[in-house]
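Student: To start, I am sharing the structure in question, which I have written as structure tokens.
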Amino acid sequence: MCRVSDPQSLATQPTIVPRDEHIISRSQISERALTVLYRLKNAGYGAYLVGGGVRDLSLGREPKDFDVATDATPEQVKSLFRNCRLIGRRFRLAHVHWGPDIIEVATFRALHPPTASDTDEAEASGERVLEDGMILRDNVYGTIEEDALRRDFTINALYYNIGDFSVVDYAGGMADLKAGRIRLIGDPSVRYREDPVRMLRAVRFAAKLGFVIDDETAAPIPRMADALDDIPAARLFDEVLKLLMAGQGVETFESLRQHGLFRYLFPATDTALDDDADAQLLNFLVSALASTDQRVNDGRPVTPAFLFAALIWPAILTQLPGGRLQSDINRELFEQSVTEALERQLRQVAIPKRFALPMREIWALQPRFDTRSEAKARRLFSHPRFRAAYDFLLLRGEAGLVDPELAAWWRHFATTSDDAPPPTPARRRRRGGRKRRNTDASASASSDSGSDPVGE
């Protein structure tokens, strides 16, 4: 097996996989991505489909979106497309817009670190900024060879050449795809120091693809996990959405705990799970994640509010007498516990108010379910958050965190009463390029947040 220990020491002669030796067809690529690729090519620039799109197509999967890499600068790309916007300071990108669809175009980046003179020049210009080995800004352009070897994982360093329809592989990505292996390019400790979020990405890709993380890639994670404390809380929110709301939440959660990463995302919840002798809290979280996975995979709507409410619930319970929500709970004490748990969590993962407020409503309704009065129950039906809070109650019941008879009563009443609100209908999915991020199930992430822009 080829080991990629130092990107700069690698031979720059790639493996070229010709059209008749791979399964990617232009018919599988969105028309808008093809338009971008061909316009760049016809203008004399290199034009490649790159990253997750090539990876997923090589696996026979339908890509979520299509990203393009080129030797054209962002300004040159903009000159070719009237519908192009340049975004980002940390990592300058061109976004070509067609209504809600976006094709992301990135200029080839140089390797890290460049020569000393290049470093001085880049840092002086503000185009590359590093702090303790972490990349804060990177707009130093390079060759396709450099661009490939600075990417995170070998399976994300594959380029589909629109010129001859070949796949260009500089890091052994095709072999790792066949082996089902997640492997970093370069020294894992160095690459994680450049961007600690790569530890989360390794877990995410392994769960998404059903792959295993290479031993050398996995080894540094437990001792370097605390580097996530240096990542902005807003960026960690975006990463949690990608980790736990993509349809493989259960597997991802288990892997995050296995590698010592979960505690740096949900520290109070992780502590509660460590003290969870009867595994009720663990079962509750697994059920919540499994429910979210099922909804995602069925194409039904999901919202971060519900899942985050479940993820923080163990931290709330640990502050209550007996570690449970008792029927005679003092409402002020309960509200105080909710506020303290949420404030602690927000310091680690910045949950937007549009999700935090529904979370509080879901929690606030839980004590009100402690009734078997039909009149009081019907009054709860009118609450806009009833359906989510009711589903939350059922999960608590399944995990043994609430009287099973009470949960059974509510299940019967809610399913037989003519006044009960119906479940939320399924939504339609669209296929195409990268979508505008304006739904409940996504965050308002941007390149300025510091997210790694390659290999989704």
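The values are calculated or read from the model by the stated rules, or taken from the named source; none is laboratory data. These figures come from a predicted structure and were not determined experimentally. With ideal geometry, Cβ positions are generated from the backbone for all residues, glycine too; neighbour counts draw on all protein chains shown.
Student: Output the qualifying pairs, or none if there are none: Cβ atoms under 9 angstrom, residues six or more apart or on different chains, first residue in the range 383-406 and not assigned by TED's automatic domain parsing to the domain that holds Leu273 and surrounded by fewer than 17 Cβ atoms within 10 Å (Cβ to Cβ), second residue β-branched (Val, Ile, Thr) and in a helix (DSSP H, G or I).
Tutor: none
Student: Next up: Among (1) surrounded by fewer than 21 Cβ atoms within 10 Å (Cβ to Cβ); (2) under 18 Å from Asp275 (Cβ atoms), there is one condition Gln326 misses while meeting the rest; what is its number?
Tutor: (2)
Student: Determine the pairs where a residue that is touching a residue at least 40 places away in the same chain (Cβ under 8 Å) and hydroxyl-bearing (Ser, Thr, Tyr), located within the range 295-308, has a partner that is part of a loop (DSSP other than H, G, I, E, B) and surrounded by fewer than 24 Cβ atoms within 10 Å (Cβ to Cβ) with Cβ atoms under 6 Å apart, the partner being 6 or more residues away or on another chain.
Tutor: Once the first residue is touching a residue at least 40 places away in the same chain (Cβ under 8 Å) and hydroxyl-bearing (Ser, Thr, Tyr) and sits in the range 295-308, its partners that are part of a loop (DSSP other than H, G, I, E, B) and surrounded by fewer than 24 Cβ atoms within 10 Å (Cβ to Cβ) give Thr303/Asp440.
Student: Another question, if that's okay. Being within 23 Å of the chain's Cα centre (by Cα) and touching a residue at least 24 places away in the same chain (Cβ under 8 Å) is the requirement here; does Val168 meet it?
Tutor: Against the criterion (within 23 Å of the chain's Cα centre (by Cα) and touching a residue at least 24 places away in the same chain (Cβ under 8 Å)), Val168 does not qualify.
Student: Scan the range 331-346 for residues that are loosely packed, with under 12 Cβ neighbours inside 10 Å and closer than 26 Å to Asp403 by Cβ and report the count. Working first, answer last.
Tutor: Taking the range 331-346 and keeping what is loosely packed, with under 12 Cβ neighbours inside 10 Å, we get 331-332, 343.
So of that shortlist, the ones also closer than 26 Å to Asp403 by Cβ come out as 331-332.
Matching residues across the range 331-346 total 2.
Student: Looking at this structure, is Asp238 among the acidic types (Asp, Glu), without any contact (Cβ under 8 Å) to a residue 40 or more places away in the chain and either part of a helix (DSSP H, G or I) or in contact with a Cys (Cβ under 6 Å, 6 or more places away or on another chain) (or both)?
Tutor: no
Student: Which condition number does Leu325 fail, the rest of (1) outside any helix (DSSP H, G or I); (2) without any contact (Cβ under 8 Å) to a residue 12 or more places away in the chain; (3) not β-branched (Val, Ile, Thr) being met?
Tutor: Of the numbered conditions (1) outside any helix (DSSP H, G or I); (2) without any contact (Cβ under 8 Å) to a residue 12 or more places away in the chain; (3) not β-branched (Val, Ile, Thr), the odd one out for Leu325 is (2).
Student: Considering only residues that are more than 24 Å from the chain's Cα centre (by Cα) and either touching a residue at least 40 places away in the same chain (Cβ under 8 Å) or outside the structural domain of Val17 (by TED's automatic domain parsing) (or both), which ones fall in the range 52-97?
Tutor: If the condition is that a residue be more than 24 Å from the chain's Cα centre (by Cα) and either touching a residue at least 40 places away in the same chain (Cβ under 8 Å) or outside the structural domain of Val17 (by TED's automatic domain parsing) (or both), then Asp71, Thr73, Leu80, Phe81 are the ones that fit.
Student: Just the residues that are surrounded by 22 or more Cβ atoms within 10 Å (Cβ to Cβ) and either in contact with a Phe, Trp or Tyr (Cβ under 7 Å, 6 or more places away or on another chain) or assigned to a helix (DSSP H, G or I) (or both), please, taken from the range 256-271.
Tutor: Leu256, Phe262, Thr269
Student: List the helices (runs of 4 or more DSSP H) that sit entirely inside the range 19-95 and contain at least 2 residues that are in contact with a strand residue (DSSP E or B) (Cβ under 8 Å, 6 or more places away or on another chain), among the small types (Gly, Ala, Ser) and crowded, with 19+ Cβ neighbours inside 10 Å.
Tutor: 52-58
Student: Condition first: more than 23 Å from the chain's Cα centre (by Cα) and of a type outside the set (S, T, N, Q). Can you find one or more residues in the range 292-299 that meet it?
Tutor: Looking through the range 292-299, none of the residues is more than 23 Å from the chain's Cα centre (by Cα) and of a type outside the set (S, T, N, Q).
Student: Here is a follow-up. I'd like to know if the range 185-208 contains one or more residues that are surrounded by fewer than 22 Cβ atoms within 10 Å (Cβ to Cβ) and hydroxyl-bearing (Ser, Thr, Tyr).
Tutor: yes
Student: Kindly list the number of the only condition in (1) farther than 20 Å from Phe386 by Cα; (2) touching an Asp or Glu at 6+ places or on another chain (Cβ under 8 Å); (3) in a helix (DSSP H, G or I) that fails for Phe306.
Tutor: Single failed check for Phe306: (1).
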